[in-house]
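The values are calculated or read from the model by the stated rules, or taken from the named source; none is laboratory data. All of these numbers come straight from a predicted model, not from anything done at the bench. Quick reminder, even Gly has a Cβ in these numbers, built from the backbone with ideal geometry, and neighbours come from all protein chains shown.
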Amino acid sequence: MTNSSLQQEPATRNGQSPPSAPPDDRFHRALLHDVHPAAWRNPKFAGKYNLIVIGAGPGGITAAREAAALGAKVALIERNFIGGDRLNVGCVPSKAIIRTARLYAEMRNADSVGAQVPGRIGIGFATVMERMQRIQARLSRADSAQRLSEAGVDVYFGEARFAGSDTVEVAGDKLRFRKALIATGARPLTPPIPGLAKAGYLTNENVFNLTECPRRLLVIGGGPLGCELAQAFCRFGSHVIIAQDDPTFLPKEERDAAQVLSDALARDGVEIHLNTTVVGVRLDGTRKNCRSGVRRQYIQRFRR
């Protein structure tokens with residue numbers, strides 16, 4: 001995650017790491033059918049494109065669609081999944097689970113608005129994640145490879161590489177162009193913490209593949225992405241800790257807004273460590289230990 005990483009106590013009962021790929025169910029298969037069809041064949045075009053767009057996220061899709069609507073000959077290149085972060089590992093999945101987490105919180109606090117708190121509020125984490133995948137599959141239809149092709153966009157899957165001032169190579173084909181737009185987006189920033197890679201961690205690229213809620217979760221970083229997932233998983237029942245380098249959350253936002261967020265996280269039960277830098281992670285038998293750079297002590301233990 002940008003400015004944040006998630007480290008967790010793996011939720012699988014057999015002690016193995018969480019899955020790095022989504023469950024192979026009907027919703028995921030429907031999503032793949034739209035965002036990267038297995039039977040897709042890249043077009044063959046010997047002419048010169050008016051525009052080549054590299055990256056089929058929201059920006060790339062919009063640019064390609066609008067240029068094609070104006071009569072331009074357009075190629076859109078994607079190496080992974082159409083929809084980019086927004087559909088696959090960002091806005092759509094995060095907001096889907098946040099909506100459910102908010103509902104759980106509202107039910108628990110029903111008496112604050114004069115309603116009766118339900119006797120037992122069960123959390124079906126697998127069902128939450130299945131709903132998220134169902135929403136992804138439904139939204140993927142609007143910008144599927146087939147829909148883009150029908151809109152006049154030549155869709156290519158593969159790794160793009162510039163082979164000259166007017167040439168891009170993808171999947172063995174060389175595409176000539178007049179203009180090129182790079183809309184490749186971003187990737188999670190993993191902090192260079194000793195031992196983190198060996199111990200294992202989550203980012204937005206795989207956290208939405210979980211099917212069981214982790215019992216304990218450490219969020220490294222107090223930016224927007226880290227805070228929203230920290231709150232959601234805490235509401236689902238995880239023991240969540242945030243370790244934030246700065247003295248406040250959301251260092252780029254207004255201080256009053258950051259304080260409101262801090263108070264809300266504390267009310268939800270998130271354990272907060274400000275002015276805290278995680279300087280090391282180590283495996284101790286079946287536990288993961290994270291060491292704080294402030295007090296030089298282990299701030300929390302995680303069962304492996």
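Considering region 240-258, and only residues there that are in contact with a Ser or Thr (Cβ under 9 Å, 6 or more places away or on another chain) and of a type in the set (Gly, Ala, Ser), the residue that is farthest from residue 222 (Cα to Cα) turns out to be 258.
If you go through region 174-203 and pick out every residue that is within 21 Å of residue 41 (Cα to Cα) and surrounded by fewer than 15 Cβ atoms within 10 Å (Cβ to Cβ), you end up with 1. Can we say residue 223 is at positive phi and touching a residue at least 24 places away in the same chain (Cβ under 8 Å)? Against the criterion (at positive phi and touching a residue at least 24 places away in the same chain (Cβ under 8 Å)), residue 223 does not qualify. Scanning region 28-42 for residues that are surrounded by 14 or more Cβ atoms within 10 Å (Cβ to Cβ) and either of a type in the set (D, E, K, R) or touching an Asp or Glu at 6+ places or on another chain (Cβ under 7 Å) (or both) yields 34, 42.
The residues on offer are 302, 249, and the sole one that is assigned to a loop (DSSP other than H, G, I, E, B), crowded, with 19+ Cβ neighbours inside 10 Å, aromatic (Phe, Trp, Tyr) and at pLDDT below 95 is 249.
The residues listed here are 76, 51; of these, the one that is in a strand (DSSP E or B), of a type outside the set (D, E, K, R), under 23 Å from the mean Cα position of the chain (by Cα) and at pLDDT 95 or above is 76. Does residue 93 count as within 26 Å of residue 268 (Cα to Cα) and touching a residue at least 24 places away in the same chain (Cβ under 8 Å)? Against the criterion (within 26 Å of residue 268 (Cα to Cα) and touching a residue at least 24 places away in the same chain (Cβ under 8 Å)), residue 93 qualifies. Every listed requirement among (1) in contact (Cβ under 8 Å) with a residue 12 or more places away in the chain; (2) over 16 Å from residue 89 (Cα atoms) is met by residue 266 save one, (1).
Restricting region 139-172 to residues that are of a type in the set (D, E, K, R), without any contact (Cβ under 8 Å) to a residue 40 or more places away in the chain and not in a helix (DSSP H, G or I), the residue that is surrounded by the most Cβ atoms within 10 Å (Cβ to Cβ) is 169.
For region 287-304, the condition of being under 29 Å from residue 91 (Cβ atoms) and without any contact (Cβ under 8 Å) to a residue 40 or more places away in the chain holds for none of the residues.
Restricting region 79-138 to residues that are in contact with a Gly (Cβ under 7 Å, 6 or more places away or on another chain) and among the basic types (Lys, Arg), the residue that is surrounded by the most Cβ atoms within 10 Å (Cβ to Cβ) is 86.
Scanning region 103-122 for residues that are without any contact (Cβ under 8 Å) to a residue 24 or more places away in the chain and among the aliphatic types (A, V, I, L, M) yields 103, 107, 110, 113, 115, 117, 121. Identify, please: which residue in region 4-48 is assigned to a loop (DSSP other than H, G, I, E, B) and of a type in the set (A, V, I, L, M) and is, among those, modelled with the lowest pLDDT? Checking each candidate, the answer is 11. If I filter region 278-296 for residues that are at pLDDT below 80, of a type outside the set (Ser, Thr, Tyr) and surrounded by 17 or more Cβ atoms within 10 Å (Cβ to Cβ), do I get at least one hit? Taking every residue of region 278-296 in turn, none turns out to be at pLDDT below 80, of a type outside the set (Ser, Thr, Tyr) and surrounded by 17 or more Cβ atoms within 10 Å (Cβ to Cβ).
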